Amino acid sequence: MGEIFSYDFMVRALLAGLTVGVLCPAVGVFLVMRRYAFMADTLAHVSLAGVALGMILGISPSVTTLGVALAAALGIERLRAAGRLHGEAILALVMSSGLALAVVLISLARGFNVDVMGYLFGSILTVGPGDLLLILVVGAVVLGLLAFFYKELFFIAFDEECARVTGLPVDRLNVLFILLVALTVSVAARVVGILLVSALMVIPVLTAQLLSGSFRRLFWFSLALGVTVCFWGLVLSYHLGTAPGGSIVLLTAALFVLAQGGTAVWRARQRRRLATATEEKLPLVKLEGRTSGP
Amino acid sequence: MNPVVEVRDLFFSYGEEMVLEQIDLTVARGDFLALMGPNGSGKTTLVKLILGLLKPLSGEVRLFGCPVDRFRQWYRVGYVPQKATSFDTRFPATVEEVVSAGRYGRLGPGRRPGKDDRRAVEEALELVGLGGAGHRTVGNLSGGQQQRVFIARALVGQPELLVLDEPAVGLDSRALESFYALLERLNRDMGITLITVSHDTGTVARRVGKVACINRRLICHGAPSQVLTTANLARLYGIPVRRVVHGHQTTP
């Protein structure tokens, strides 16, 4: 396995992957708990329009992607705060319009030799030193702000109305949070691709949710899972020659299935143990049941 | 001394339909007030207006003498929302995590709860009879226990005013008794001003100091024995309200 680290591009890929592996679930925890998991997917699809825009304008797609994702995020939050439409309907609206814009822009940019596949499914192996720097800086900023507002974001996720009555600046924190989501989506798309970025934000959290009874544990467990799948997904893809983004997400999904199966078996066993325990304690009930039979 | 809550000539509508009309209400320090009225009478709306969660069409709400939109001392207010609409039992959070959130407004961002906060959480849990349950997951508790967790969260910031929206929904009669005993203790022994919302007049009326009956307008306001007359209850629940209150002047 050591040979992986002898390639510069592989080291950069791993560093980018690990950063995104921490970042995505850290933001995703709050998204999932607010039942806003679909938000990541929406912003990811919209950011495809940013990629095409960058191509047409001749600017780095990293910059335009970020701009478009931030604009979409603010638009979604304003519509949501107005409270006249359902959250998921707003997401469907923005996602389909954004995707349509992306398709039209890509068709206009055809002459520019756009590598659409690379953006759709990620191109972590082509992460250059400049890209890596951007990912690390964005990662540090997002994680720093999440740490600073951790307990406020938890309260808003648990009970937004009560958080308001406690005097928290809920509206401003909501705007800040959605900007953090947009930042995260735009850098994570580089690693796992636009189509898969929401998987990395959502699935580790769902897996951790099956195994957590406290928010603290949910948070750290999600992060640990995110880092683990990003590392081993990359290593596996290197050895198997598979697509890195897809390998990472498949591994994440596999861990979810394992956790789901494991907790189901554990619960069934608990139930059986409880049933036998009550039977032993209450032999009369069992006896009555038998004698009153046919 | 300023009253805890002052509502002056308050009107509110969701779109076209007027939900609250010309509400005047004063809650003094140490009051134990029940807001009563049938479902859809505007009680919860009034609570949300008092807490600044909704903006009135016209009129004014003051908390501790300060207009609610400029009020900043939210640690003086505790709020227990309608449980069913505000809580997802699949949310993994421990009792301690939920209760200590009641101190976040005072704590400010970037600061972790300290020793004082942890002690306040434990005291609030003792007070509601959940001492030592801090590590348990809220979603695994019974309905009555969950209700007490949310009361503890509202109490942990040591509020002077506690507002509870339909706190008794889903409690059986025994839990209900101990619940109202707790509210009485908070009011009498700790001097906390209480506003509780209820759609049933039975149990609540025997326990509270004052009632305010609301059905779009303030129908009556005062001590339960004086206010809950057959005539008033008929106006509150029985007869179509629109016709009865037409042209009626409320005198608080």
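Structure data summary
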{"quantity": "Residue check, B:E122 open to solvent by 10 Å² or more (accessible area, probe 1.4 Å), closer than 30 Å to B:G222 by Cα, more than 12 Å from chain A (Cβ to nearest Cβ) and not aromatic (F, W, Y)", "calculated": "no"}
{"quantity": "Residues within segment B:66-80 that are touching a strand residue (DSSP E or B) at 6+ places or on another chain (Cβ under 7 Å), closer than 15 Å to B:L49 by Cβ and more than 7 Å from every other protein chain (Cβ to nearest Cβ), tallied", "calculated": "3"}
{"quantity": "Search result, residues across segment B:194-218 that are of a type in the set (K, R) and farther than 22 Å from B:V19 by Cβ", "calculated": "B:R206, B:R207, B:K210"}
{"quantity": "Failed item, numbered, when B:A175 is tested on (1) touching a residue at least 24 places away in the same chain (Cβ under 8 Å); (2) within 10 Å of chain A (Cβ to nearest Cβ); (3) farther than 22 Å from A:R34 by Cβ", "calculated": "(2)"}
{"quantity": "Tabulated pairs, segment A:82-96, first of a type in the set (G, A, S), second surrounded by 13 or more Cβ atoms within 10 Å (Cβ to Cβ) and not in a loop (DSSP other than H, G, I, E, B), C-beta under 7 angstrom, 6+ apart or interchain", "calculated": "A:G87/A:R80"}
{"quantity": "Exclusive hit being buried (at least 21 other Cβ atoms within 10 Å of the Cβ) and not basic (K, R), set B:G191, B:G157", "calculated": "B:G157"}
{"quantity": "Residues that are closer than 29 Å to B:G191 by Cβ, of a type in the set (S, T, N, Q) and more than 19 Å from the chain's Cα centre (by Cα), drawn from segment B:53-106", "calculated": "B:S100"}
{"quantity": "Top-ranked residue in segment B:81-108 [being farther than 18 Å from B:E126 by Cβ and among the β-branched types (V, I, T); ranked as nearest to the other protein chains (Cβ to nearest Cβ)]", "calculated": "B:T85"}
{"quantity": "Subset of segment B:169-188 that is within 24 Å of A:R164 (Cβ to Cβ) and surrounded by 20 or more Cβ atoms within 10 Å (Cβ to Cβ) - its residue that is nearest to the chain's Cα centre (by Cα)", "calculated": "B:L183"}
{"quantity": "Matching residues, segment A:202-239, being closer than 22 Å to A:V116 by Cα and either touching a His at 6+ places or on another chain (Cβ under 8 Å) or surrounded by 24 or more Cβ atoms within 10 Å (Cβ to Cβ) (or both)", "calculated": "A:L234"}
{"quantity": "Any chance B:G78 is in a strand (DSSP E or B) and open to solvent by less than 40 Å² (accessible area, probe 1.4 Å)", "calculated": "yes"}
{"quantity": "Number of positions in segment A:221-259 that are farther than 15 Å from A:T19 by Cα, of a type outside the set (A, V, I, L, M) and within 14 Å of chain B (Cβ to nearest Cβ)", "calculated": "1"}
{"quantity": "Exclusive hit being assigned to a helix (DSSP H, G or I), open to solvent by 10 Å² or more (accessible area, probe 1.4 Å) and farther than 30 Å from B:Y75 by Cα, set A:V191, A:V175, A:V141, A:V185", "calculated": "A:V141"}
{"quantity": "Which numbered condition B:M36 misses (of (1) buried (at least 23 other Cβ atoms within 10 Å of the Cβ); (2) out of contact with any Cys (no Cβ under 6 Å at 6 or more places or on another chain))", "calculated": "(2)"}
{"quantity": "Any chance B:P56 is part of a loop (DSSP other than H, G, I, E, B) and within 19 Å of A:D159 (Cβ to Cβ)", "calculated": "no"}
{"quantity": "Breaking point among (1) farther than 24 Å from A:A147 by Cβ; (2) open to solvent by less than 40 Å² (accessible area, probe 1.4 Å); (3) part of a loop (DSSP other than H, G, I, E, B), for B:L46", "calculated": "(3)"}
{"quantity": "Residue in segment B:167-182 that is assigned to a loop (DSSP other than H, G, I, E, B), of a type in the set (A, V, I, L, M) and within 19 Å of B:E6 (Cα to Cα) present", "calculated": "no"}
{"quantity": "Pairs, first more than 8 Å from chain B (Cβ to nearest Cβ) and acidic (D, E) in segment A:143-166, second outside any helix (DSSP H, G or I) and open to solvent by 40 Å² or more (accessible area, probe 1.4 Å), C-beta under 9 Å, six or more apart", "calculated": "A:E160/A:R34"}
{"quantity": "Subset tally (residues that are within 13 Å of B:T94 (Cβ to Cβ), within 11 Å of chain A (Cβ to nearest Cβ) and of a type in the set (A, V, I, L, M, F, W, C)) for segment B:133-172", "calculated": "1"}
{"quantity": "Enumeration of residues in segment B:82-119 that are hydroxyl-bearing (S, T, Y) and surrounded by 14 or more Cβ atoms within 10 Å (Cβ to Cβ)", "calculated": "B:S86, B:T94, B:S100, B:Y104"}
{"quantity": "So B:L49, is it within 13 Å of another protein chain (Cβ to nearest Cβ) and under 16 Å from B:D9 (Cβ atoms)", "calculated": "yes"}
{"quantity": "Residue among A:A71, A:A52, A:A100 that is in contact (Cβ under 8 Å) with a residue 40 or more places away in the chain and part of a helix (DSSP H, G or I)", "calculated": "A:A52"}
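The values are calculated or read from the model by the stated rules, or taken from the named source; none is laboratory data. Everything numeric in this text was worked out from a predicted model, so none of it was measured. Don't worry about glycine lacking a Cβ; one is built from the backbone with ideal geometry, like all the others, and counts go over all protein chains shown. These area figures cover heavy atoms from the full protein model, side chains too; ligands, DNA and RNA do not enter into them. Shrake-Rupley method; radii C 1.70, N 1.55, O 1.52, S 1.80 Å.
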